[in-house]
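The values are calculated or read from the model by the stated rules, or taken from the named source; none is laboratory data. Keep in mind that this is a model prediction, so the values were computed, not measured. FYI the Cβ positions are ideal-geometry reconstructions off the backbone, even for glycines, and counts take in every protein chain you see.
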Amino acid sequence: MNGRRLVMVAALPAALVAMIAMRGVATPRPSDYDAELARFSSADLRNRYLRATLTGDFGDYRLAEQALERELAASGASQALLLARATLAFKLHRLPKAKRDLALLPETDAVRALRADVALMEGRYADAARAYESLAATSPSWDNLARLAYFKSKTGDVAGADRLYAAAQDELTAKELRSYAWVEVQRGVMRFEHGRYAGALAHYERAERAYSGWWLVEEHRAEVLHGMGRTRQAVALYRKVVARTRNPELFGALAAILEDEQPEEARALYAEAGRLFAEQMRIYPEAAIGHALRFQLSRADAAPELVALARRNVALRPNAEAKLLLAQAYLKSSQPAPARAIIAEIATTPWRTPELARLQRELAAR
Amino acid sequence: MRQSRALLLVVASAVLIVALVTGAADHNDPNAVNAIFSDNRPNGADLYDMFGHPADDRSRGENVVLALTFADAPQTGVLDTDVLYRIRIYPTPRPVRPSGDNASVSSYVAYVRALKDRFETFKGGEVRVTTNAKGEAKLSFVGFPGGNFAAVVKQNTAAAATSPGGQRILMYVGGRDDAFFNDLPGFFRSINYGPEFYKVNLTQPEDLREMPIPKTLLALEGNGLFNDPEDPAEVNPDKPPLPPGPYTWKGNRYYKDEKGNYRFVYSGRDARAGLNVNAIILEVPLAYFTKSPRTDRVVNTWGESWVLKASDKVDTIPDRSGFTDKVAAWFSNMFSGDGSFDEDLTHYKRVDTDGLPFSDAALSERHDDRQLGADNFRLAPHFINRFGHLGWGFGPSITALGLPTCFDHSGVTVSTLRFYKDPLHAFPRVKRCFFQELNMPPGVVWNPKRLNIPLRRAADIFIPNVNAIDMDTTGTWPFGRRFEDQVATRFLSVFLDHTKSCAGAPCNLETLGQQSLWNAAPIEPKTPPNPLRNDKPFLRNFPYMASPWPAGGYAGQ
């Protein structure tokens, strides 16, 4: 042990005491998320837009959409505004609207990428694959590499996806730590989906270091902690995220954990989730429906409108993921035959996820 | 187990956010009044200028003065610790121009190839500069015959170090007044550059940058998009939105006022007056850079900025998720104090390069993939095409003012929009501009020893993208770049015919800087395009650049 370490060890108890004493008086440094959110507080379009994309809150999205429409009315349909509106429409799963605006725009990398995203959302996998491969080859920016990685992760090439995500991260600098954290989350999700919880947690923890305080990271950490049996930590984290985001899906996730031990609180949380989902469905039904559907599927009893909801979801975005939800809705409603047909249909596409494999096993066992 | 959610939603979110808020380089050489693109804040990786000339005081031997300037972000006198700067230095003998008629594409290609071979085997050295959060800078001198060494200096303070060979090296890292003085909005007006005057994001289509309108020195009649907007405010301006297109020009003549005068697109005002930069300034004996100072008379230099990769940055961020982690981090910080320097180039990503003034803004069009530093040889065909494009804009403007131009525009009477894809088509139009010798101004002492130093030509200047400092000259542009050089006006003078007379004297690099010429020209305002001197006098001694204005929270020495 060198001299410096000796000094550190000797000073550790005093430092601990000082830290504890200071806990009550020191002003904590705001998290990266809070600091960035504070910068997006004004009401102009750019800040409204950035705030919405950061919080994921439907109310913020509505304000951003209103600001965008105001700007379009005031200054006309410039290419920048049209692209922003197409992107917003895509994020809200309003695919026809996104396509209408995209049709008015010249063929830039950003437009090609968004068109490919729409193709993926519509289940046109060959079109999406072609465009993603081409973008990654000709314009290998971090986001285009991440797009291709996501596609590969959903079509069975997990190792290839991880390599591409790593390549995407290598394109990012210290000025883009939120994007870096986002890619870390994707790498964690891939591992989580394949049951590799420790690996997933390591990625989520690195994401937290890169960009602290982001609810997106915290809720994924909570999810994997629960999977690892570290329920108390998961519950504490979920409570924090739920209080911050009022995200109904996370209310549902927390309720599911508490259901056995604290049934009353779980009931209240489920009720709140239902109320919040109803509110989201009122604001942006296309964006809310898939999440609401998953919530319904997670409940013990099948809601009477479950299959209708799932069909509506498929009509909005006819992709394998939506069809998988429809198959699950059929199964939950004790209709295995149409569920089998849908699963067979998905099997003809390149979509290969652990969720699909699980459902195939479940059907085979019946 | 809860299923993973629709992550595509987040893909788009993340991408859009990064497009709007991250700091890419504008590739401002020279610097803009602001970060030109609406979504791109000034950042320390955005290099502005690479100055360099022989030191005037030869009492301590032959020394080279070098200064790399860049955006004063996060603020004047405070450098971004995530950015690594390199000043690369390659002394060579003065190139010998091939004899005979070389005004052909093939001879130009041969010339470029010869240079390319030289620079590809470049074994020169570099000064690598990193900074820490304690206000210190580490300068590592690597690969020079004078021996490797490093010095840690306090920022905003001139310092000296002694090399292993005993040579005295002067260093300054910190904030200074911006030594560049010009009417950059005028330049952007001349090339109809949308992002300077309107809200245009870095991620928007490239045809919203230089609009498809002829380049011009004189306002085009009916070009409302660029004739009327005010010059933008200094930093983070609230620019008007870009009006709906099409962004073209349908007119056929220059605008004239009721007195028959043209309207100059330039105002002559100093867009950088009162503004600062951060800078790395060095004064180094030539004999430290080369073993053969008698024959290596040209010091080729350029700057590069590299930004720390995200993954390496994360490695330096302590885990603060738990209370014990917080204690450990706090405790560790007590002892470390963020005083470390990361000089490992593999941890960084190159963002910007800077050698010649206007190489990015005028010739490389600020493209990220053209940030090649000295290694820009592959751009030679592009430069011929680009010169042709610029010539069709500026050439007729020069003719309209009654001045001779080197560009062959076949007698058109107004600036014309023309693009070239094949350098063989552009070359006949530009060859005189490319290969004419550029006259130095009569009153300027540039060759004090009266040696047989050939005048430089555009063909020699722009490839490679380096500041080539001729140690036998005073280092005034294009034989280097002195702080007091008005390079913007000199760049425009490249389009004059230097074999002819301008207002009674041979056209030269300062012709367009003469007030008398403008007094006699049918134009308003009657001013040289750019200011004639800096807003603050330069210093006679190191660090030469004037002290910074008390702005941005900084009021240093």
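Descriptive notes on the structure:
- Meets criteria (farther than 30 Å from B:Ile169 by Cβ, touching a helix residue (DSSP H, G or I) at 6+ places or on another chain (Cβ under 9 Å) and in a strand (DSSP E or B)) for B:Arg269: no
So that you can scan it fast, the table gives a plain yes or no per residue for (1) charged (D, E, K, R); (2) modelled with pLDDT of 95 or more; (3) under 24 Å from B:Arg386 (Cα atoms):
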{"site": "B:Cys406", "(1), (2), (3)": "no, yes, yes"}
{"site": "B:Pro423", "(1), (2), (3)": "no, no, yes"}
{"site": "B:Ala426", "(1), (2), (3)": "no, no, yes"}
{"site": "B:Met471", "(1), (2), (3)": "no, yes, no"}
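- Exactly one residue out of B:Lys116, B:Lys138 is of a type outside the set (S, T, N, Q), over 28 Å from B:Pro537 (Cβ atoms), modelled with pLDDT under 95 and crowded, with 16+ Cβ neighbours inside 10 Å, and it is B:Lys116.
- Residue ID - modelled with the lowest pLDDT, chosen from residues in the range A:69-80 that are surrounded by fewer than 18 Cβ atoms within 10 Å (Cβ to Cβ) and within 12 Å of another protein chain (Cβ to nearest Cβ): A:Ser75
Residues checked against (1) in contact (Cβ under 8 Å) with a residue 12 or more places away in the chain; (2) part of a loop (DSSP other than H, G, I, E, B); (3) surrounded by fewer than 20 Cβ atoms within 10 Å (Cβ to Cβ):
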residue	(1), (2), (3)
B:His409	yes, yes, no
B:Ser415	yes, yes, no
B:Val444	yes, yes, yes
B:Asn452	no, yes, yes
B:Leu455	yes, yes, yes
B:Ala459	yes, no, no
B:Pro464	yes, yes, no
B:Ala468	yes, no, no
B:Pro478	yes, yes, no
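- Residue list for the range A:252-266, restricted to those being farther than 18 Å from A:Phe192 by Cβ and within 12 Å of chain B (Cβ to nearest Cβ): A:Ala255
- The helices (runs of 4 or more DSSP H) found wholly in the range A:311-366 and carrying at least 1 residues that are in contact with a Leu (Cβ under 6 Å, 6 or more places away or on another chain), surrounded by fewer than 20 Cβ atoms within 10 Å (Cβ to Cβ) and more than 14 Å from every other protein chain (Cβ to nearest Cβ) occupy A:336-347.
- Selected residue (only one of B:Asn156, B:Asn148 is at pLDDT 95 or above, closer than 22 Å to B:Ile87 by Cβ, surrounded by fewer than 19 Cβ atoms within 10 Å (Cβ to Cβ) and more than 14 Å from every other protein chain (Cβ to nearest Cβ)): B:Asn148
- Subset of the range A:93-109 (residues that are over 21 Å from the mean Cα position of the chain (by Cα) and either among the hydrophobic types (A, V, I, L, M, F, W, C) or facing chain B (nearest Cβ under 8 Å) (or both)): A:Leu102, A:Ala103, A:Leu104, A:Leu105, A:Pro106, A:Thr108
- So A:Thr27, is it surrounded by 22 or more Cβ atoms within 10 Å (Cβ to Cβ) and either touching a Gly at 6+ places or on another chain (Cβ under 6 Å) or modelled with pLDDT under 90 (or both): no
- Residue count, the range A:134-149 (criterion: in a helix (DSSP H, G or I) and either of a type in the set (A, V, I, L, M) or surrounded by fewer than 16 Cβ atoms within 10 Å (Cβ to Cβ) (or both)): 9
- Selection of first residues in the range A:260-287 that are crowded, with 17+ Cβ neighbours inside 10 Å and of second residues that are hydroxyl-bearing (Ser, Thr, Tyr), restricted to Cβ pairs under 9 Å at least 6 apart or on distinct chains, gives the following pairs, ordered by first then second residue: A:Tyr284/A:Tyr61; A:Ala287/A:Tyr61.
- Within the range A:130-164, restricting attention to residues that are under 15 Å from A:Val183 (Cβ atoms) and basic (Lys, Arg), the residue that is farthest from the chain's Cα centre (by Cα) is A:Arg163.
- Within the range A:30-74, the set of residues being closer than 26 Å to A:Glu219 by Cα and outside any helix (DSSP H, G or I) comprises A:Pro30, A:Ser31, A:Phe40, A:Ser41, A:Gly56, A:Asp57.
- Strands (runs of 3 or more DSSP E) completely within the range B:124-194 that count 3 or more residues being touching a residue at least 12 places away in the same chain (Cβ under 8 Å): B:125-131, B:136-142, B:149-154, B:168-177
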